[in-house]
Amino acid sequence: HAGSASVEAEIDGSNENRINAKVKADSIIYSGLKVSKLAIDIEGRIIQHVINVMLMLPENNIRSSFSGGYKNGAWDGSIYLLEAKSKDYGLLKLVKPSPLKLSSKHFRLGAASLINSSSPERIDADVQLDMQPLLGSARVKLQELNIARLNPFISKIRLYGNVSGSADGHWLPDKKMKLTGTLTVNRASINGSAAINVNKAGAHLKWDEK
């Protein structure tokens, strides 16, 4: 059946500068992604508010909560809840709140870790980037990540198996970059117009501009 969406927003122009906004959508398809339900709630003041996001897909639910404020052209705060739940592969959950800063000039995500309490799955990320010019570092580490979690977000192929690895990138002055990474794939398969099965594979990457 046809989907529906609604947006409600109210900003108080007084000294409080309060904001109250709600976005709701049900049974929609966006770029091939089937969304059962989307809800975004923002409440508080411009300089200090809470954002709650819920995304429900046919096989996955994602919830996140942010606390922070907008000032001097940047949103600065923290992400204190992030859960990605798959009915087949369990729950990935943020271990503890992580600092987050977003603007046209900066992107900061401090030491964020997602774990699955019932399996070895784990994702670690730490990003400290200045955008103009691009300077800083980004680190990502994966442990036994079940890549089937990506299937609801892609079309034409289906992925299965576990991936472990790490990537460490540094953007330096004079537009130079250093990048190192490793990747290990275990018992993986790609099913599309043709089927590809991988029992075990590994790769190493090193890029150093001098």
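The values are calculated or read from the model by the stated rules, or taken from the named source; none is laboratory data. If you're wondering where the values come from, they're calculated on a predicted model, not measured in any experiment. Reconstructed Cβ throughout: ideal geometry from the backbone, glycine too, with neighbour counts over all protein chains shown. Keep in mind that these areas ignore ligands, DNA and RNA; they rest on the heavy atoms of the full protein, side chains included. Shrake-Rupley method; radii C 1.70, N 1.55, O 1.52, S 1.80 Å.
Quick check on region 96-114: of everything there that is over 19 Å from Ile51 (Cα atoms) and free of Cβ contacts under 8 Å to residues at least 24 places away in the same chain, which residue is surrounded by the most Cβ atoms within 10 Å (Cβ to Cβ)? If you could, list the steps in order and put the result at the bottom.
Narrowing region 96-114 to residues over 19 Å from Ile51 (Cα atoms): 104-106, 111, 113-114.
Narrowing further to those that are free of Cβ contacts under 8 Å to residues at least 24 places away in the same chain: 111, 113.
On the way: Ala111: 13, Ser113: 15.
The residue in question is Ser113.
Kindly indicate whether Val185 is in contact (Cβ under 8 Å) with a residue 24 or more places away in the chain, touching a helix residue (DSSP H, G or I) at 6+ places or on another chain (Cβ under 6 Å) and either open to solvent by less than 50 Å² (accessible area, probe 1.4 Å) or assigned to a helix (DSSP H, G or I) (or both).
Details: in contact (Cβ under 8 Å) with a residue 24 or more places away in the chain: yes; touching a helix residue (DSSP H, G or I) at 6+ places or on another chain (Cβ under 6 Å): no; either open to solvent by less than 50 Å² (accessible area, probe 1.4 Å) or assigned to a helix (DSSP H, G or I) (or both): yes.
No: the conditions fail for Val185.
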Exercise for review: Identify the single condition in (1) closer than 24 Å to Leu100 by Cβ; (2) of a type in the set (A, V, I, L, M, F, W, C); (3) open to solvent by 80 Å² or more (accessible area, probe 1.4 Å) that Ala167 does not satisfy, given that it satisfies every other one.
Suggested key: (3)
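Going through Ser27, Ser6, Ser36, Ser67 one at a time, which residue ends up being among the hydroxyl-bearing types (Ser, Thr, Tyr), under 19 Å from Phe107 (Cα atoms) and not in a loop (DSSP other than H, G, I, E, B)?
On the way: Ser27 fails: under 19 Å from Phe107 (Cα atoms); Ser6 fails: under 19 Å from Phe107 (Cα atoms); Ser36 fails: under 19 Å from Phe107 (Cα atoms).
Going through Ser27, Ser6, Ser36, Ser67 in turn, the sole match is Ser67.
So, Phe153, is that one surrounded by 16 or more Cβ atoms within 10 Å (Cβ to Cβ), aromatic (Phe, Trp, Tyr) and either in contact (Cβ under 8 Å) with a residue 24 or more places away in the chain or in contact with a His (Cβ under 8 Å, 6 or more places away or on another chain) (or both) or not? Even if it seems obvious, please write down each step before you answer.
Details: surrounded by 16 or more Cβ atoms within 10 Å (Cβ to Cβ): no; aromatic (Phe, Trp, Tyr): yes; either in contact (Cβ under 8 Å) with a residue 24 or more places away in the chain or in contact with a His (Cβ under 8 Å, 6 or more places away or on another chain) (or both): yes.
Against the criterion (surrounded by 16 or more Cβ atoms within 10 Å (Cβ to Cβ), aromatic (Phe, Trp, Tyr) and either in contact (Cβ under 8 Å) with a residue 24 or more places away in the chain or in contact with a His (Cβ under 8 Å, 6 or more places away or on another chain) (or both)), Phe153 does not qualify.
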**Study point:** Where a residue in region 194-205 is closer than 14 Å to Ile147 by Cβ and open to solvent by less than 70 Å² (accessible area, probe 1.4 Å) and its partner, wherever it lies, is part of a strand (DSSP E or B) and among the β-branched types (Val, Ile, Thr), with Cβ under 7 Å and at least six apart
**Key:** Val198/Val185; Ala201/Val185
Check your understanding: Which residues, counting only those in region 39-82, are in contact (Cβ under 8 Å) with a residue 24 or more places away in the chain, of a type in the set (Val, Ile, Thr) and open to solvent by less than 60 Å² (accessible area, probe 1.4 Å)?
Key -> Ile46, Ile79
Exercise for review: Give just the number: which of (1) among the basic types (Lys, Arg); (2) touching a strand residue (DSSP E or B) at 6+ places or on another chain (Cβ under 7 Å); (3) exposed (fewer than 15 other Cβ atoms within 10 Å of the Cβ) does Lys34 not satisfy?
Suggested key: (2)
Point to revise | Unmet criterion (only one of (1) in contact with an Asp or Glu (Cβ under 8 Å, 6 or more places away or on another chain); (2) in a strand (DSSP E or B); (3) over 30 Å from Gly69 (Cα atoms); (4) not small (Gly, Ala, Ser)) for Pro152 | key: (2)
Study note, to complete from the structure: Of (1) at negative phi; (2) open to solvent by less than 80 Å² (accessible area, probe 1.4 Å), Glu144 satisfies every one except (1)
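So, in region 115-129, exactly how many residues are open to solvent by less than 30 Å² (accessible area, probe 1.4 Å) and assigned to a strand (DSSP E or B)?
Let us first name the residues in region 115-129 that are open to solvent by less than 30 Å² (accessible area, probe 1.4 Å), namely 116, 121, 125, 127, 129.
Among the residues that remain, those that are also assigned to a strand (DSSP E or B) are: 125, 127, 129.
Summing the residues that are open to solvent by less than 30 Å² (accessible area, probe 1.4 Å) and assigned to a strand (DSSP E or B) in region 115-129 gives 3.
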